[in-house]
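The block underneath contains the structure these notes are about, expressed in structure tokens.
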Amino acid sequence: MRWNNNVEKSKAITTKDTKDHEGKDPTMSVAHARACVLATVAPLVLCATVLLSAPSDQKRISIYSAAANFTLSVLDREHRDYVSLLEVLEPLGRVTAKTDGSRWKFRYNNVEGEFNAGKTRARVQGHDVDLPANFLVENGRGLVPLNSLPVLLPRFLGGPVTLNETARRLFVGNVGVHFTAQVKANPPTLVIDFSSPVNPMIATEPGKLRMVFTHEPIVPPGSQTLTFDNKTIPSASYQEENGAVEIAVSGSVPLFASFGNDGRTITVTAAPQTAAQVAARTPQPQLNLSAITSPTQSATYLPSVSGGGAATYFAVVDASHGGEERGAALSDQLSEKDVTLAFARKLRQELESRGVSTLVLREGDTTLSLDQRANLANAAHPAIYICLHAASQGTGVRLYGSMLPSGGESRGPFLDWDTAQSAFAPASQTVETSVIAELQKKQISVRTLIAPLRPLNNITAAALAVEIAPPEAGISELNSPGYQQLITEAIATGMVAAREKLDTPR
Ligand SMILES: [Zn+2]
């Protein structure tokens, strides 16, 4: 599956210490104002399978934001999809509307808009906006074309909006729930971990268990089909349609889903009948539509700006680069993207052996944009975010803290994207100090730098970028398990040591 990639073209940092990255590494890049926060979800091929979540003839759009997740009807007008603008914005703030002849005046919080029935030209806060099709008024209700929302909404909300038009899913600002799936062999069990609680409808039928998510801003996985090396649970698929996401798990026996971890984990196993009983029985579709245990509606909220008191000590490790983006060519054989992934996996091992749950942002050779990385990380609400780079020059480790541009302010439902890190800067400093101490204990040379790095500036957690250079023995050792062990042990110990300080109220 293709991900639309928002990797930016921007200037590389010009300090000597990032020589490896000059001109070829967009991750180590200078932050600047951005128009678009969310990773655009990839256009999806419409699938033949009808989602179970709703009467299939009713067109709907799901809207996800920090303030609310909700679903609205989509209207067919003039052979196009339309929505009521008031209904879109009402859950997000104060709205008023009045009709004046053919003019329709609309106000969201302090932002004024003026629309004209039968016209494409509108004005928002004194600026012209051109809609892709006519504005319509019906019974005092102003209707706008669905595909005008990515242009229109940012004018009212003061922040970015991403629309997946094919699936009719709209993401306002920095929201997203991601998931990982893995199968364990004995007994065959599929474990799906979500970054926030979820509450899907679940239905089973012979050979399949379907989960349909309407209120969760689930972000597509790297691949739409996951195959597992398991006869009982051979595969799972992901699709989006009509404002909903469906994850379908195929099974050679009837499957059964259960929830754990406050709705963050769904475990799929063979239903509690023996395979023999199942085989003897006439297969009957058992439609099992039920809203599941999790009492929380699964809104993804931005972390509060205080930054303290994460409920669990959870780390996100970001293996920089990947997929089409190789990072630096460290040697003829060695791509930075492979080295960062190896270090990331090792670091997860070290953290988990110290009791810290860890999410590695990419499990394989996947292309992820900087925005996608920041969104995935923020949605997971970690205590610490750490991103890994590798370099061919110099030795030891360089640590980068963020350098924040001044003047960012939060507006409406948004945190300012480029200064999202600012409230967490003291926590980031704490982690950095702690990691430096552990690296020095192991005689690893450490340098610290401050740079306006993305995605560090966009992370709403303690955040640190680590660039790993080879040991004295030379570049080939960069990929050796011994060196990876040495470095990741020190970083993990430092991250754990920072825990007490982060937990202490400031
Ligand atoms: Zn890099």
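The values are calculated or read from the model by the stated rules, or taken from the named source; none is laboratory data. Bear in mind the structure is a predicted one, so any value in this text is a computation, not a measurement. With ideal geometry, Cβ positions are generated from the backbone for all residues, glycine too; neighbour counts draw on all protein chains shown. Just so you know, the surface numbers come from the protein's heavy atoms only, side chains and all, with ligands and any DNA or RNA stripped out. Shrake-Rupley method; radii C 1.70, N 1.55, O 1.52, S 1.80 Å.
Tabulated results
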read-out	value
Relative contact order for region 177-244, counting Cα pairs under 8 Å that sit 6 or more residues apart, in percent	30
Surrounding net charge for Ala68, when Lys and Arg each add one and Asp and Glu each subtract one, Cβ distance under 15 Å	-1
Highest to lowest packing among 90-103, 314-327, 256-269, scored as the average C-beta count within 10 Å	314-327, 256-269, 90-103
Residues whose placed amide H lies under 5 Å from that of Glu325, excluding near-sequence neighbours	none
Rounded to the nearest 10 Å², the accessible area of Tyr483 at probe 1.4 Å	20
Tensor-based shape of region 64-119 (alpha-carbon gyration tensor, a/c under 1.5 rounded, otherwise prolate or oblate)	oblate
Part-to-part distance (alpha-carbon centres) for region 140-178 and region 438-506, which is given in Å	38
Protection proxy ranking of 124-133, 139-148, 242-251, 425-434 - average other beta-carbon atoms within 10 Å, highest first	242-251, 425-434, 139-148, 124-133
